[in-house]
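> Could you have a look at this structure, given as structure tokens, before my questions?
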Amino acid sequence: MKHKHILLAAYILLVVSALKAGNEIVTPVSAAAKKVTVYTTAENTKFRLTQTETVSFVDFGQPKETEPCVFVDPTKTFQTFVGIGGAITDASAETFAKLPKAKQSEILAKYYDQTLGIGYTLARTTIHSCDFSSGSYTYVNEKDASLKSFSVAHDKEFRMPLIKQAIAAAGGKLTIYVSPWSPPAWMKDNNNMLKGGKLLPAFYQSWADYYVKFINAYQSEGIPVWGLTVQNEPMATQKWESCLYTGEEERDFIKNFLGPTLAKSGMADKKLIAWDHNRDLMYQRASTVLDDPEAAKYVWGIGYHWYESWTGGGNIYENVKRVAETYPDKNLIFTEGCAESFDFAMINEWKWGEKYGLSMINDFNNGTAAWTDWNILLDEKGGPNHVGNFCFAPVHADTKTGEVFYLCSYYYIGHFSKFIRPGAKRIISSGSRGQLLTTAFKNTDGKVVVVVMNQSDTLIPYRLWIAGQTAEVTSLPHSIQTLVVE
């Protein structure tokens, strides 16, 4: 026992020494064994998606309870992975436009290039304005129910150019879906784009046509649209753009208007996403919509956000699983999440990254196929935002100095998006310690990707166990790792 303690102490000293120097920790690789490449991001170190270890497997067999392990079974597969990305909002585009060209190129590469950055493959954008716009606007003139005046000229100044550059940086393909925050004020019972209100029945068809007009307009500009959500946060009366739907109202709008309109317009292939709000009510909303076969036939999946944790509801990850288990033929997509109440003095806090890691691991393990962050970029105030709802993003830029700041949340997201690629299948990954949170996928090229997150203050040596073979790895305090097995 004393000998083991001496060896462990020596290894910890080696790790600490390497951390201080910012060097890699390399373990010799056996040519006969599969290689495991370990990438690490850790608090109080220089490691940011850094390759820190290369280890190999050895025959091991049955582990003891005293030996921490992460067990992976690539033979058990679950949902097919669609992608990870963030929202390209007016706020992101306006901030981007104020930066020097060199910084713009850097941000595009950091987000969308898989080699130079974290390889985003997914994006969300808004149908006209949201809170993260400099002001409220629509694409039609007042009371134009026939939509003859429809024009997306507003978006051609900032948003469309950024989306096109993102598509190019992603290699020419980016899976994009769109979401409305509110119909035009004159289509609603409160005659206001803000503060909730409901879509008036007289304008159901005009509003359904509006989605089609938007999709056609964007696609004619070279921006393919993969899917759409019915309504952002349909149960929230917000001080910004918002619109309320009960489950029955959303179901009937899909069944009688939006679904048939998409189909008649040659857009039956667009992925229609219901709910687009928090995990708290997602089962109730999913069951209300999907238990009606005439509505369900138009719906690709259920979207959800994470803000129930900010309203005292906790992170109700089990609700994601309940929807996945009950409706296995439908898909789950995380459509929005961010840290609210921006304070520039707090951008280096480690909790922002751990919030993302915790959510992504649990959401994927409970059946989620795609995961979308909120704004990809915000300014030094956490905006622009026309109602003062300033928030954090993984990347902030000081528009006065041109300086760009990458929060730890950017790197935490990257531990998933850089390595798990569209078409991958989730596989079993199970930790023998509560401190080791984990999920895993098998890519179409056969590589196994295992993510391990440690929120504790403790350094934890553990074994990656696959089919009776193990590779020794070390999880640093407050860290996230990606283990690529090939």
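> Could you tell me whether any residue of region 84-101 is in a loop (DSSP other than H, G, I, E, B), closer than 20 Å to VAL225 by Cα and under 19 Å from the mean Cα position of the chain (by Cα)?
yes
> Take TYR410 and decide whether it is under 18 Å from GLY85 (Cβ atoms) and crowded, with 21+ Cβ neighbours inside 10 Å.
Yes; evaluated as a whole, the condition is true for this residue.
> Scan region 370-394 residue by residue and report those that are crowded, with 22+ Cβ neighbours inside 10 Å and hydrophobic (A, V, I, L, M, F, W, C).
Across region 370-394, the qualifying residues are ALA370, TRP371, TRP374, ILE376, LEU377, LEU378, PHE392, ALA393.
> For region 101-113, check the following and say yes or no: at least one residue is in contact with a Phe, Trp or Tyr (Cβ under 9 Å, 6 or more places away or on another chain), among the hydroxyl-bearing types (Ser, Thr, Tyr), assigned by TED's automatic domain parsing to the domain that holds VAL395 and farther than 26 Å from ALA471 by Cα.
There is at least one residue in region 101-113 that is in contact with a Phe, Trp or Tyr (Cβ under 9 Å, 6 or more places away or on another chain), among the hydroxyl-bearing types (Ser, Thr, Tyr), assigned by TED's automatic domain parsing to the domain that holds VAL395 and farther than 26 Å from ALA471 by Cα.
> Within region 195-246, restricting attention to residues that are assigned to a helix (DSSP H, G or I) and of a type in the set (D, E, K, R), which residue is farthest from LEU162 (Cα to Cα)?
Of everything passing the filter in region 195-246, ASP209 is farthest from LEU162 (Cα to Cα).
> What number of residues within region 138-154 satisfy the criterion of being touching a residue at least 12 places away in the same chain (Cβ under 8 Å) and either surrounded by fewer than 14 Cβ atoms within 10 Å (Cβ to Cβ) or not β-branched (Val, Ile, Thr) (or both)?
Number satisfying all stated conditions: 9.
> So, in region 219-253, of the ones that are in contact with a Leu (Cβ under 7 Å, 6 or more places away or on another chain) and aliphatic (A, V, I, L, M), which residue ends up surrounded by the fewest Cβ atoms within 10 Å (Cβ to Cβ)?
Going through the qualifying residues, I end up with MET235.
> Report the residue count in region 203-217 for those that are over 28 Å from the mean Cα position of the chain (by Cα) and over 13 Å from SER146 (Cβ atoms).
Residues flagged as over 28 Å from the mean Cα position of the chain (by Cα) and over 13 Å from SER146 (Cβ atoms) within region 203-217 amount to 1.
> So which residues in region 158-194 are on the phi < 0 side of the Ramachandran plot and part of a loop (DSSP other than H, G, I, E, B), if there are any at all?
PHE158, ALA170, LYS173, LEU174, TRP181, SER182, PRO183, PRO184, ASP189, ASN190, ASN192, MET193
> Look through region 419-436, keep the residues that are assigned to a strand (DSSP E or B) and of a type outside the set (S, T, N, Q), and return whichever of them is farthest from VAL451 (Cα to Cα). First the steps, then the outcome.
Taking region 419-436 as the starting set, the residues that turn out to be assigned to a strand (DSSP E or B) are 425-431, 436.
From what is left, the residues that are of a type outside the set (S, T, N, Q) are 425-428, 431, 436.
Details: LYS425: 14, ARG426: 12, ILE427: 12, ILE428: 12, GLY431: 11, LEU436: 10 Å.
Filtering region 419-436 for residues that are assigned to a strand (DSSP E or B) and of a type outside the set (S, T, N, Q), the one farthest from VAL451 (Cα to Cα) comes out as LYS425.
> Checking the conditions here, which among THR439, THR482, THR474 is closer than 22 Å to LYS34 by Cα, in contact with a His (Cβ under 7 Å, 6 or more places away or on another chain) and in a strand (DSSP E or B)?
Just one listed residue meets the conditions, THR482.
> Now, a different point. If we keep just the residues of region 303-346 that are of a type in the set (S, T, N, Q) and more than 19 Å from GLY83 (Cα to Cα), which is modelled with the lowest pLDDT?
Ranking the candidates gives THR311 first.
> Out of everything in region 400-418 that is assigned to a loop (DSSP other than H, G, I, E, B) and closer than 17 Å to ASP373 by Cβ, what residue ends up being farthest from the chain's Cα centre (by Cα)?
First, the residues of region 400-418 that are assigned to a loop (DSSP other than H, G, I, E, B): 400-403, 407, 418.
Now narrow it down to the ones that are closer than 17 Å to ASP373 by Cβ: 407, 418.
On the way: LEU407: 15, LYS418: 12 Å.
Once the filter is applied, the top-ranked residue is LEU407.
> ASN389 - would you say it is outside the structural domain of CYS338 (by TED's automatic domain parsing) and at pLDDT 95 or above? Explain how you work it out, then say what you get.
Details: outside the structural domain of CYS338 (by TED's automatic domain parsing): no; at pLDDT 95 or above: yes.
No; evaluated as a whole, the condition is false for this residue.
The values are calculated or read from the model by the stated rules, or taken from the named source; none is laboratory data. Being a predicted model, the structure only gives us computed values, none of them experimental. All Cβ positions, even for glycine, are placed from backbone atoms using ideal geometry, and neighbour counts span all protein chains on display.
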